[in-house]
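Comments concern the structure below.
The values are calculated or read from the model by the stated rules, or taken from the named source; none is laboratory data. Keep in mind the model is a prediction, meaning the values are calculated, not measured. Heads up, the Cβs are rebuilt from the backbone with ideal geometry, glycines too, and the neighbour counts pull from every protein chain shown. These accessible areas exclude ligands, DNA and RNA; they are computed on the full protein's heavy atoms, side chains included. Shrake-Rupley method; radii C 1.70, N 1.55, O 1.52, S 1.80 Å.
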Amino acid sequence: AQSVSQHNHHVILSEAASLELGCNYSYGGTVNLFWYVQYPGQHLQLLLKYFSGDPLVKGIKGFEAEFIKSKFSFNLRKPSVQWSDTAEYFCAVNAGYTGGFKTIFGAGTRLFVKA
Amino acid sequence: EAGVTQSPTHLIKTRGQQVTLRCSPISGHTSVYWYQQALGLGLQFLLWYDEGEERNRGNFPPRFSGRQFPNYSSELNVNALELEDSALYLCASNGGRGNQPQHFGDGTRLSIL
């Protein structure tokens with residue numbers, strides 16, 4: 001069965017620290033990959049996406065993610081986090097199947113950035 | 001542009017009751033997705049509607065059902081409520097190609113007593 005694994009459920013960092021959130025998926029075919037973010041009190045919103053082309057994708061607010069096909073990974077990175085990055089981050093994989101597409105979300109990673 | 005809107009915001013029910021949640025997609029979006037976000041479990045896919053038809057269904061029992069109306073708004077119905085149905089129910093929409101990013105509403109918080 002298709003699945004998405006986010007390695008860390010909770011991450012605590014100090015401001016200016018570097019961030020890397022892991023995401024691995026299990027699906028052998030073509031996939032579209034997403035990271036969504038949910039800031040406190042706000043709805044889920046798209047951070048970045050990968051469909052094809054350059055495997056290093058840049059998103060909003062200085063975030064980037066790298067698709068490594070051989071490792072079935074799509075890790076999220078940011079060189080220097082800010083207090084305002086405190087949020088929950090969800091990795092999502094969209095894959096084709098007979099009849100359409102299916103999007104599977106990871107369990108989420110809660111990031112807390114200390115000022 | 002108005003975002004995805006969901007109603008009600010909060011709902012309290014008791015075991016065995018039935019509930020209907022509503023979602024209005026972004027104007028121009030034909031697909032609506034429903035997710036259950038229970039504590040610590042991430043988003044669990046429930047249903048996908050596009051152009052009035054159910055396109056895909058997650059691993060939930062038949063007492064979870066829904067429909068999409070001609071104006072692309074959608075309802076999620078849950079019958080015979082159980083305690084474990086307590087969760088945040090999120091609705092999302094996109095242009096209907098199935099693989100495009102989804103735009104989420106604020107959710108309906110359902111509490112079962």
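Once each of the trypsin sites (Lys or Arg not before Pro) sitting in a DSSP loop with at most 13 other beta-carbon atoms within 10 Å is removed, chain B keeps B:16-62 as its longest stretch. Accessible area per residue (1.4 Å probe, heavy atoms of protein chains only) ranks B:12, A:60 as B:12, A:60, with the largest value leading.
If only the Cβ of Lys and Arg carry +1 and only the Cβ of Asp and Glu carry -1, the dipole of the protein assembly as shown around its Cα centre is close to 180 debye. Comparing Cα centroids, region B:88-109 and region A:84-115 end up 13 angstrom apart.
The GluC sites (Glu not before Pro) of region B:43-108 meeting both criteria, a DSSP state outside H, G, I, E and B (loop) and at most 14 other C-beta atoms within 10 angstrom of the site's C-beta, are B:51, B:82.
Converting phi to 3J(HN,Hα) with the Karplus coefficients 6.51, -1.76 and 1.60 and the offset θ = phi - 60°, region A:80-90 yields 8, 7, 10, 4, 6, 7, 4, 4, 10, 10, 10 Hz in sequence order, with x at every glycine or proline. Annotation for the A:B interface, with buried accessible surface near 1600 Å², both sides summed [1.4 Å probe; non-protein components not counted]. Around the Cα centre of chain B, unit charges on the Cβ atoms of Lys, Arg, Asp and Glu (plus for the first two, minus for the last two) sum to a dipole of about 180 debye.
Of the chymotrypsin sites (Phe, Trp or Tyr not before Pro) in region A:32-115, the ones in a loop by DSSP (not H, G, I, E or B) with at most 15 other beta carbons within 10 Å are A:51. Accessible surface comparison of A:30, B:5, B:20, A:109, probe 1.4 Å, protein chains only, largest first: the order is A:30, B:5, B:20, A:109. Selection among A:73, A:30, A:48 by position relative to the dipole of chain A gives A:30 as farthest towards the positive end (Cβ unit charges, Cα centre). Residue A:54 exposes around 100 Å² of accessible area when a 1.4 Å probe is run over every protein chain in place.
The apolar share of the surface of chain B, taken as the fraction of accessible area on carbon and sulfur atoms (1.4 Å probe, ligands and nucleic acids excluded), comes to 48 percent.
In terms of its C-alpha gyration tensor, chain A has a prolate overall shape, because the principal axis ratio a/c (a ≥ b ≥ c, square roots of the eigenvalues) is not below 1.5 and a/b outweighs b/c.
Treating each Cα of the protein assembly as shown as an identical point scatterer and ignoring solvent, apply the Debye formula and state log10 I(q)/I(0) at q = 0.09, 0.14 Å⁻¹. Taking Cα atoms of the protein assembly as shown as identical point scatterers yields -0.37, -0.89.
In order along region B:89-94, the phi-based Karplus estimate (6.51 cos²θ - 1.76 cosθ + 1.60, θ = phi - 60°) of 3J(HN,Hα) comes to 9, 9, 10, 9, 9, 7 Hz; Gly and Pro are listed as x.
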